[in-house]
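Notes follow the structure.
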Amino acid sequence: MGRIVAGVAVVGLLMAAGCGDDDDGASSEEIEQFCDGFDEINDEFADINPVTNPGALQEALEMLRDLEPPEEIADDYETVLDGFQELSEIDITDPEAVAQVQEELPEAEEAFNAVGAFVEEEC
């Protein structure tokens, strides 16, 4: 279950990259570089199934970590990726581990929403 949740979350974040308008603000180059990288990862991994291909989930997370997000979402972006990493590593047969991660998910929800909104608007 944990790998499914992690995969769904990563895929949801990646799919958001295809929406929105480009930003013409002062940091448009930084945003453009981030969005270009995000779009490339989206093209490669948007259809991954983390249950049948957990290696692809890890590869997508590594590539997402290599991106440099704009400063305005950097902290939220790191929180989101840390949460995805934690979800992808839990033993889904351990009810205590699953419960602990599920308790922590609401704390990451605000960060996920902020990153998702940024990607939708800017990319």
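Brief remarks on what is shown
- Test set (1) touching a helix residue (DSSP H, G or I) at 6+ places or on another chain (Cβ under 6 Å); (2) outside any helix (DSSP H, G or I); (3) within 28 Å of Glu30 (Cβ to Cβ); (4) of a type outside the set (Lys, Arg) - Asp91 fails condition number: (3)
- Identity of the residue in the stretch 35-48, touching a Gly at 6+ places or on another chain (Cβ under 9 Å) and surrounded by fewer than 18 Cβ atoms within 10 Å (Cβ to Cβ), that ends up farthest from Phe84 (Cα to Cα): Asp39
- Test for Gly83: is it within 21 Å of Ala117 (Cα to Cα), assigned to a helix (DSSP H, G or I) and without any contact (Cβ under 8 Å) to a residue 40 or more places away in the chain: no
- A single entry from Glu62, Glu30 fulfils the requirement of being under 18 Å from Cys123 (Cα atoms) and modelled with pLDDT of 90 or more: Glu30.
- Residue among Glu96, Glu109 that is under 16 Å from the mean Cα position of the chain (by Cα), free of Cβ contacts under 8 Å to residues at least 24 places away in the same chain and farther than 18 Å from Asp39 by Cα: Glu109
- Where a residue in the stretch 49-69 is in contact (Cβ under 8 Å) with a residue 60 or more places away in the chain and surrounded by fewer than 17 Cβ atoms within 10 Å (Cβ to Cβ) and its partner, wherever it lies, is among the small types (Gly, Ala, Ser) and assigned to a helix (DSSP H, G or I), with Cβ under 6 Å and at least six apart: none
The values are calculated or read from the model by the stated rules, or taken from the named source; none is laboratory data. Just so we're clear, the structure is a prediction, and the values are computed from it rather than from any experiment. Positions of Cβ are backbone-derived with ideal geometry, glycine not excepted, and every protein chain shown enters the neighbour counts.
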